[in-house]
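Structure first, commentary second.
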Amino acid sequence: MRSSPFDHRPLHDLGAALREALQPIDNQEFVDGVMAAARVGDRSLFRGDGWEVLSAWARPGLAAAAAIVVLAVAITISVGGSSPFEEVTIDDALQTTTTQSATLLLVAAPNPPDIDIVLALSYER
Amino acid sequence: MEESILAARATAGDLEAFGQLVERYTPQARRVARAVLADPDDGDDAAQDAFLSALRHLGRYDPSRPFGPWLMRIVANAAADRRRRRKVRAADELSEATSGGGPGPDVETDRWAFLAAFRRALALLPERQRLAVTLFDVEGYSHAQIAEILDIPQGTVRSDVFHARRRLRTALVTWQHHWKEEVV
């Protein structure tokens, strides 16, 4: 059976001719050459060059740095949460009996007061 | 021994295991490199570069997949890199020799002449077609594997193999007819 360029299987006659046209001689000499080169560069070949070593360390290094940043943020939030101003609300400030400390707390409070409480306190005083 | 085991041992520093892989794939790697580079010495240099590069990067080889396509990709890249560095197209080196049509079957009838003509026909193909037809018809890789090796779609591989076959067949059939006439 004659082969066709449309054939989806390898063409034996063409393949054989191509193989013969490309066929190298003395493969053993070539193998010896490759192995000699491999032995010469044995250590560097197996361990890679400096960039490869650096790139190998890059990923774990970045992961460690990210973990440190996350930990630092978590610590900052937990420590920062104990600020005295955050525990005092504007309502507490207005309900204080001492006018001076109430004013100080009113100025220091981060949020605006509840209008109902302000009016109620004004009415009582 | 299985190639994945040899590769694992070579990765661990076993040069003997690497040597077995080199012996197993030397003819194929040299043929594929020669399909890219017309000069056999250049082809061998590229094939050697490829083996040493493979040794350096064995850690990237996935042992669950065949070793051949992974290595052939390195070989094809090494050969293409070498050709680009030289900035000499393989076909250019031979274009002068083929401009007059080359020696016909009525002038030289021996096998050497046929191979020379066939090599010229091969060298005139685009690089990717040379690689595709060599990997398919000589080395027996599938279209899917060649697509992976050359990093191109499977449809492109089929097209490249088809066009390369059509042009090479012209050279082959000419000589086959001649040989038949010689026998008769």
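The values are calculated or read from the model by the stated rules, or taken from the named source; none is laboratory data. Owing to the predicted nature of the structure, the values given are computational and were not obtained by experimental measurement. Cβ coordinates were reconstructed from backbone atoms using ideal geometry, including for glycine residues, and neighbour counts include every protein chain displayed. Heads up: the accessible areas ignore ligands, DNA and RNA and are worked out on the full protein's heavy atoms, side chains in. Shrake-Rupley method; radii C 1.70, N 1.55, O 1.52, S 1.80 Å.
Between A:ALA74 and B:ARG111, the simple spin-label model (points 7 angstrom out along Cα→Cβ) gives 7.4 nm. Between segment B:108-137 and segment B:142-164, how far is it from one alpha carbon centroid to the other, in angstrom? If we compute the Cα centre of each part, the gap is 18 Å. Modelled spin labels at B:GLN154 and A:ILE25, positioned 7 Å past Cα toward Cβ, are 4.1 nm from each other.
Accessible surface for segment B:3-85, divided over its residues, is 40 Å² per residue with a 1.4 Å probe. Modelled spin-label separation between A:ASP13 and B:ASP39, with each label point placed 7 Å from Cα along the Cα-to-Cβ direction: 3.5 nm. Averaged over the residues of B:50-62, the number of partner chain Cβ atoms lying within 10 Å of the residue Cβ comes to 3. Averaged over peptide A:29-39, the number of partner chain Cβ atoms lying within 10 Å of each residue's Cβ comes to 6.
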